[in-house]
Amino acid sequence: MLVHCVEFKKTFQALFQKADQWRFHGDEDDTLIQDADYLSWFAVLKANASHSGAVSWRRSASLRKGDPVFACGSPFGSLCSDLFNGTVSRGIISNLAGEDNTLILTDARCLPGTEGGGLFAMEDDSLHLVGVIVSPFGWKANEWIGLTLVCSVHSILRNVVQCSDLQDSLQDVWLHPAETQKFHAGQYLDVCLVDSGQQWGSGVLVTSDLILTCRHVVNGKSTVALKFHHGDRVLDSVGDVLFSTKGSSPYDVAVVRSRDSMVDVVVPQMAHEFNTGEPVLVVGYGGLGRSCGPSLTCGILSKAISHQHLTIMLQTTCAVQAGASGGAVVRASTGELLGIVSSNTRDLSSQVTYPHLNFCIPVSVLQGPLLHFSRQGDLKSFDVLNAADESVKRVWRLQGTHSKL
């Protein structure tokens, strides 16, 4: 049988607007309207061969951003099923939307052919099915977002039961899994949406009212709109741009003060060392962040570049999309702030975006000016960011106007 997951389609249509040029297929045609129809249908198959046991599953309503997950599918399975069947990828829940989290985004990397595969959450050393992979690829305009689109298995089963005459006992099995404890993802800093009217991105709260973001996010404006997501609450405020680096500075940084002080803010601990290969998270408003609050993606610190004993650039493998600029780069084990996201990588000649290679400004560059400003209240504390020498500019040269990237 074929079953239509109404909740998934409704959420999909609300989040992915045609004006944003979303697409979830490999060709260049603009078929978002058809995507909403096609991607919300699922097939129920009966296998000829019997298999022992059944897959344990859980409601996606219990998922939280940052929960570890495994994706299992068969990339290129029609070509070489013996080589690719049951391939596993690991990641975290990046964002959630809809009734009972019917729509899931994960940074677990999937390839063509994994559609219909399972997304599994780990609990008590056991894997539980939480979703079905809908699309391993997604683009916003011409930017590959590097996230996998998933539909809640609970939403699918609920629609199967509603459109069939399954026995009551089977309905209980399909719609009421054994109760399980919820994951409790760690809390990593407070980030906010920063909107200048023409540009928007992310910001990291370093005090109850002071926010770090990127120069290109504030876009030369003296005031910006701020939006904070605290659980189910959304708080709006206005921010005054106190400082923004010059266009000649290699550091794409701005400092904003919120007119409303945020209570219970998680003041970040600044990192003092950067260990290549260590697990990190990016917390920002890329992906579905603008609609659903900050997204999380995981990866490793792939490179830390130093000049005169000062770390001046970080690179990570976390998936970073438009809107994540100014977001927090966090040490996964402790929650320490490593830096803020400046940009991902885009080849201007081929118009290809690479979300898993991004450039970040380390806190080693920002901590001194912030500390001096907090003590003296003098905005000249940040002038040092405009005074970087030519060696630092060479490290950041790919962000120049004449760069290929």
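Considering only the stretch 186-239, state which residues are part of a loop (DSSP other than H, G, I, E, B), small (Gly, Ala, Ser) and more than 23 Å from Asn344 (Cα to Cα). Show your work before the answer.
Here is the first cut: in the stretch 186-239, the residues part of a loop (DSSP other than H, G, I, E, B) are 186-190, 196-199, 206-209, 214, 219-222, 231-232.
Narrowing the set further to residues that are small (Gly, Ala, Ser) leaves 186, 196-197, 208, 220, 222, 231.
Of everything in the stretch 186-239, those that are part of a loop (DSSP other than H, G, I, E, B), small (Gly, Ala, Ser) and more than 23 Å from Asn344 (Cα to Cα) turn out to be Gly186, Ser208, Ser222, Gly231.
Rundown of residues vs (1) at pLDDT below 95; (2) in contact with a His (Cβ under 8 Å, 6 or more places away or on another chain); (3) among the basic types (Lys, Arg); (4) under 19 Å from Gln321 (Cβ atoms), yes/no style:
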| position | (1), (2), (3), (4) |
| --- | --- |
| Val6 | yes, no, no, no |
| Trp22 | yes, no, no, yes |
| Gly26 | yes, no, no, yes |
| Thr31 | yes, yes, no, no |
| Leu45 | yes, no, no, no |
| Gly53 | yes, no, no, no |
| Leu103 | no, no, no, yes |
| Cys110 | yes, no, no, yes |
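Restricting attention to the stretch 248-305, which residues are over 19 Å from Val218 (Cα atoms), touching a helix residue (DSSP H, G or I) at 6+ places or on another chain (Cβ under 8 Å) and not in a loop (DSSP other than H, G, I, E, B)? Listed by number, the residues that qualify are Met270, Ser291, Cys292, Ser295, Ile305. Selection of the stretch 71-93 for residues being under 15 Å from Thr297 (Cα atoms) and surrounded by fewer than 17 Cβ atoms within 10 Å (Cβ to Cβ) yields only Arg90. For the stretch 100-128, filtered to residues that are closer than 24 Å to Ile300 by Cα and of a type in the set (Gly, Ala, Ser), the residue that is surrounded by the fewest Cβ atoms within 10 Å (Cβ to Cβ) is Ala121.
Ala97 fulfils the conditions (1) without any contact (Cβ under 8 Å) to a residue 12 or more places away in the chain; (2) buried (at least 16 other Cβ atoms within 10 Å of the Cβ) except for a single criterion, (1). On inspection, Gly131 does not qualify as at pLDDT below 90 and surrounded by 20 or more Cβ atoms within 10 Å (Cβ to Cβ).
One residue stands out among those in the stretch 342-376 that are β-branched (Val, Ile, Thr) and assigned to a strand (DSSP E or B): the one that is modelled with the highest pLDDT, which is Ile361. Being on the phi < 0 side of the Ramachandran plot, aliphatic (A, V, I, L, M), part of a loop (DSSP other than H, G, I, E, B) and touching a Ser or Thr at 6+ places or on another chain (Cβ under 8 Å), is that true of even one residue in the stretch 58-81? No, because not a single residue in the stretch 58-81 is on the phi < 0 side of the Ramachandran plot, aliphatic (A, V, I, L, M), part of a loop (DSSP other than H, G, I, E, B) and touching a Ser or Thr at 6+ places or on another chain (Cβ under 8 Å).
Note on the stretch 136-151: among residues that are surrounded by 18 or more Cβ atoms within 10 Å (Cβ to Cβ) and among the aliphatic types (A, V, I, L, M), the one that is farthest from Ala43 (Cα to Cα) is Ile145.
Filtering Ile133, Ile104 for residues that are out of contact with any helix residue (DSSP H, G or I) (no Cβ under 8 Å at 6 or more places or on another chain), among the β-branched types (Val, Ile, Thr) and in a strand (DSSP E or B) leaves a single hit, Ile133.
The values are calculated or read from the model by the stated rules, or taken from the named source; none is laboratory data. Nothing here was measured: the structure is a model prediction, and the numbers come from that model. A quick note on method: Cβ atoms are made from the backbone with ideal geometry, for glycine too, and the neighbour counts reach across all protein chains shown.
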